[in-house]
Amino acid sequence: MSASVTVRVPAKVNVQLAVGAARPDGFHDLANVFLAVSLFDEVTATPADGLTVSCEGPDSDQVPLDRSNLAARAAELLAARAGIEPAVHLHIAKNIPVAGGMAGGSADGAGALLACDLLWKLDTPREELLEICAELGSDVPFSLVGGAALGTGRGEFLTPVDAGRFHWVFAVAEGGLSTPAVFREFDRLTAGTDVPAPEASPALLAALASGDADALAAVLPGSNGLQAAALSLRPQLADTLAAGADAGALAGLVSGSGPTTAFLVRDAESAAKVAAALEASGTCRATRVTSSPAPGATAVS
């Protein structure tokens with residue numbers, strides 16, 4: 001058995017998040033256009049007497065180290081399917097903002113799943129890994145796959161889509177936002193209205209495939225169905241979006257359920273300028289400069 005396995009796994013941005021009405025099971029049907037971005041966590045799996053989790057990096061004190069952590073749950077589910085004990089220590093090197101709408105927890109779940117599969121030499125078929133990912137959470141399958149994809153159902157059914165290269169600046173807010181709370185606020189705001197079935201925007205998919213930042217910027221406004229709910233719960237995010245626009249971003253939106261905000265910029269030079277202006281504006285805690293698309297969960301050792 002290997003001494004340890006390290007897997008690198010990306011954050012994501014939802015360039016479209018169309019949200020349907022609440023289903024009887026409490027979930028919502030989505031048309032979720034995912035882009036993996038070059039901001040990564042690393043999960044290292046090492047043989048141990050039992051299942052333990054440790055974490056380092058920005059906001060690591062906010063990461064649960066018990067069995068509620070998606071990385072721990074991934075190890076448990078994989079071990080149960082294989083009929084073995086989850087005897088592994090999982091160490092998470094955190095760089096993706098915590099509770100920031102960028103699928104950091106989901107990334108750790110996917111990273112741990114692949115790391116344990118390699119550590120235990122299970123050679124689990126990809127389709128089965130994706131089934132486990134879907135059991136862990138709606139965003140976890142995309143964290144495993146990466147690149148660019150349309151997620152339907154509650155986001156777990158993935159269809160790859162074409163995407164050119166784009167540059168992004170993420171503004172990290174103070175504190176997190178609970179995804180279930182944002183969905184509850186969405187339900188409150190849309191109560192009594194006819195919520196249309198979610199569909200991917202052909203114009204957005206075409207712009208994504210073109211690699212044309214101006215074309216993508218033209219279709220990003222209004223593409224996140226959860227943005228109004230996130231702004232309702234955290235009104236100050238409007239100031240961050242305004243600061244990004246003032247700094248020269250081509251477009252801005254709340255990333256997923258927030259509270260991180262994502263800004264599309266023209267190139268790496270523009271990204272540096274927008275990031276500096278956002279930090280100087282006092283409307284966010286930190287910034288991250290990234291590009292897309294990025295690969296999914298990948299073994300690095």
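Taken over region 137-179, the criterion of being touching a Lys or Arg at 6+ places or on another chain (Cβ under 9 Å), within 18 Å of LEU208 (Cα to Cα) and aromatic (Phe, Trp, Tyr) is satisfied by PHE142, TRP168.
Taking first residues from region 73-99 that are touching a residue at least 12 places away in the same chain (Cβ under 8 Å) and closer than 17 Å to ARG8 by Cβ and partners that are basic (Lys, Arg) and buried (at least 17 other Cβ atoms within 10 Å of the Cβ), the Cβ contacts under 8 Å between residues at least 6 apart in sequence or on separate chains come to PRO97/ARG288. SER143 passes every criterion in (1) touching a helix residue (DSSP H, G or I) at 6+ places or on another chain (Cβ under 9 Å); (2) surrounded by fewer than 21 Cβ atoms within 10 Å (Cβ to Cβ); (3) of a type in the set (Ser, Thr, Tyr) apart from (2).
Within region 148-180, the only residue that satisfies the criterion of being among the aliphatic types (A, V, I, L, M), modelled with pLDDT under 95 and over 26 Å from ALA272 (Cβ atoms) is LEU177. Cβ separations smaller than 8 Å between residues 6+ apart or across chains give the following pairs from region 203-227 residues that are touching a residue at least 24 places away in the same chain (Cβ under 8 Å) to residues that are surrounded by fewer than 20 Cβ atoms within 10 Å (Cβ to Cβ) and of a type in the set (Val, Ile, Thr): LEU204/VAL219; LEU205/VAL161; LEU208/VAL161; ALA209/VAL161.
Of all the numbered requirements in (1) assigned to a loop (DSSP other than H, G, I, E, B); (2) among the acidic types (Asp, Glu); (3) surrounded by 14 or more Cβ atoms within 10 Å (Cβ to Cβ), GLU185 misses one, and that requirement is (1).
Taking into account only those residues within region 2-39 that are over 22 Å from ALA228 (Cα atoms) and over 16 Å from the mean Cα position of the chain (by Cα), which is surrounded by the fewest Cβ atoms within 10 Å (Cβ to Cβ)? That would be PRO24. Each residue in region 87-106 was checked for being assigned to a loop (DSSP other than H, G, I, E, B) and surrounded by fewer than 24 Cβ atoms within 10 Å (Cβ to Cβ), and 5 of them qualify.
Residues are listed down the side, and each one gets a yes or a no for (1) on the phi > 0 side of the Ramachandran plot; (2) not in a helix (DSSP H, G or I):
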position	(1), (2)
CYS55	no, yes
ALA71	no, no
GLU76	no, no
ALA79	no, no
ASP108	no, no
LEU118	no, no
ASP123	yes, yes
LEU129	no, no
GLU135	no, no
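Selection of region 202-221 for residues being at pLDDT 95 or above, out of contact with any strand residue (DSSP E or B) (no Cβ under 6 Å at 6 or more places or on another chain) and either assigned to a loop (DSSP other than H, G, I, E, B) or not hydrophobic (A, V, I, L, M, F, W, C) (or both) yields PRO202, SER210, GLY211, ASP212, ASP214. Scanning region 107-128 for residues that are free of Cβ contacts under 8 Å to residues at least 60 places away in the same chain, buried (at least 22 other Cβ atoms within 10 Å of the Cβ) and over 16 Å from the mean Cα position of the chain (by Cα) yields one hit, ASP117.
For region 149-171, residues that are surrounded by fewer than 23 Cβ atoms within 10 Å (Cβ to Cβ) and aliphatic (A, V, I, L, M) total 3.
The values are calculated or read from the model by the stated rules, or taken from the named source; none is laboratory data. Just so it is clear, the model here is predicted, and its values are computed rather than measured. Glycine gets a Cβ as well: all are built from the backbone with ideal geometry, and neighbour counts include every protein chain shown.
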